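In what follows, a structure is listed as C-alpha cells, so that the remarks can point back to it.
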Amino acid sequence: MGMASDRWPWRRRTLPPGLSATLDPDEHIQVLAGCIDGKMLAASRFGLWVVDGQKASRLGWELVAKARLSARVLSIIPTQIVDELPDGTSVLIDEPVREYTLSGRSGLTDVVHTRVRRSVASSRHLDFPGGGGWVVLRRVPGRNGLVRQVRLDPGADSGALGFAAAVAAMADDLASVPLPG
C-alpha cells in the first residue's frame, strides 16, 4: 500500500478557490475531475459539486434521481423539490438532464454511482390515476433517519384526491421493511 498521495493523486493539487471557499467545515472532497469545457466536478459525502470559474454549486445526493456514464459523458438527472405533502414528504420533479464530458479518467463516476445508490434506502413505484411517481426513502448525509420523497411521473398531479394518502401509505410500508445491513 503506497502513501495516500499515490491513491489520491489530485490531493497534490490545490482545490479551486471557488470550491474551497464554499465547502462546509466538515466537508471533504473525495474525488476531483476535469471536464473538457474547463469546468471541474468534485464529489463529497454531501453531493456533487460543479465548479465553473469562481462559482461552485452543490447538488445534494438526495436530489440526484439517476447518474450514468457513457463514452466519458456523465449524465445526471437532478430533481427539484416543488411541494411538500401534509406528512412532510417532499414532492420532486425531474429537471433537464445535465451532461458533463470528462477530460480524462478518474474515480468520479464510481463515487457518484455509489453515493446515489447509497442515498436510496428503498423505493417503489406508485401507480395512481392521473399519474403516480416513485416513493423513495433516502438517507441525507449529516442528518439522522430517512427523508420521504415522491418523484412525480411526468404530468402527475400531487394534489390529486387521495394521492397524498397513497404516498404516505406506501412510504409507511417501505419504512416497515427492515433495511439490509
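The values are calculated or read from the model by the stated rules, or taken from the named source; none is laboratory data. Every value quoted in this text rests on a predicted model; they were computed, and no experiment measured them. Please note: Cβ atoms are built from the backbone with ideal geometry, for glycine as well, and neighbour counts cover all protein chains shown.
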Legend entry - Lone qualifier among Ala164, Ala156, Ala169 - being loosely packed, with under 15 Cβ neighbours inside 10 Å and over 20 Å from Gly47 (Cβ atoms): Ala169
Inset, instruction - Kindly check whether there is at least one residue in the stretch 109-129 that is assigned to a strand (DSSP E or B), surrounded by 14 or more Cβ atoms within 10 Å (Cβ to Cβ) and in contact (Cβ under 8 Å) with a residue 60 or more places away in the chain. - result: no
Legend entry - In the stretch 61-98, the residues that are among the acidic types (Asp, Glu) and within 21 Å of Lys39 (Cβ to Cβ): Glu95
Inset, instruction - Residue by residue through the stretch 53-93, note down the ones that are without any contact (Cβ under 8 Å) to a residue 40 or more places away in the chain, surrounded by 13 or more Cβ atoms within 10 Å (Cβ to Cβ), over 27 Å from Ala168 (Cα atoms) and among the aliphatic types (A, V, I, L, M). - result: Val73, Leu74, Ile76
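Considering only residues that are under 14 Å from the mean Cα position of the chain (by Cα) and farther than 18 Å from Ser44 by Cβ, which ones fall in the stretch 97-119?
Within the stretch 97-119, the first condition is being under 14 Å from the mean Cα position of the chain (by Cα), and the residues that meet it are 97-98, 108-119.
Val97, the sole residue that qualifies.
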Inset, instruction - Mind listing just one residue for me: the one in the stretch 28-51 that is surrounded by fewer than 17 Cβ atoms within 10 Å (Cβ to Cβ) and free of Cβ contacts under 8 Å to residues at least 24 places away in the same chain and, of those, farthest from the chain's Cα centre (by Cα)? - result: Gly38
Inset, instruction - Select from the stretch 16-45 the residues that are in contact with a Lys or Arg (Cβ under 9 Å, 6 or more places away or on another chain), part of a loop (DSSP other than H, G, I, E, B) and more than 23 Å from Val140 (Cβ to Cβ) and list them in ascending order. - result: Ile36
Inset, instruction - State whether one or more residues within the stretch 70-93 are part of a helix (DSSP H, G or I) and closer than 15 Å to Leu48 by Cα. - result: no
Inset, instruction - Please go through the stretch 130-167 and pick out each residue that is among the charged types (D, E, K, R), more than 17 Å from Asp83 (Cβ to Cβ) and free of Cβ contacts under 8 Å to residues at least 40 places away in the same chain. - result: Arg143
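Kindly indicate whether Val136 is of a type outside the set (Ser, Thr, Tyr), assigned to a helix (DSSP H, G or I) and under 14 Å from the mean Cα position of the chain (by Cα).
On the way: of a type outside the set (Ser, Thr, Tyr): yes; assigned to a helix (DSSP H, G or I): no; under 14 Å from the mean Cα position of the chain (by Cα): yes.
No.
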Legend entry - Candidates Leu146, Leu161, filtered to the one that is under 21 Å from Val64 (Cβ atoms) and aliphatic (A, V, I, L, M): Leu146
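Criterion first (within 13 Å of the chain's Cα centre (by Cα) and closer than 30 Å to Ala160 by Cα) does Leu92 satisfy it?
Numbers: within 13 Å of the chain's Cα centre (by Cα): yes; closer than 30 Å to Ala160 by Cα: yes.
When the stated conditions are applied, Leu92 passes them.
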Legend entry - Conditions (1) within 29 Å of Leu146 (Cβ to Cβ); (2) modelled with pLDDT of 95 or more; (3) outside any strand (DSSP E or B); number of the one not met by Leu48: (3)
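May I ask you to say which residue of Val135, Val147 is modelled with pLDDT of 90 or more, among the β-branched types (Val, Ile, Thr), within 29 Å of Asp26 (Cβ to Cβ) and crowded, with 16+ Cβ neighbours inside 10 Å? It would help to see each step written out before you state the result.
Working: Val135 fails: within 29 Å of Asp26 (Cβ to Cβ).
Among Val135, Val147, only Val147 is modelled with pLDDT of 90 or more, among the β-branched types (Val, Ile, Thr), within 29 Å of Asp26 (Cβ to Cβ) and crowded, with 16+ Cβ neighbours inside 10 Å.
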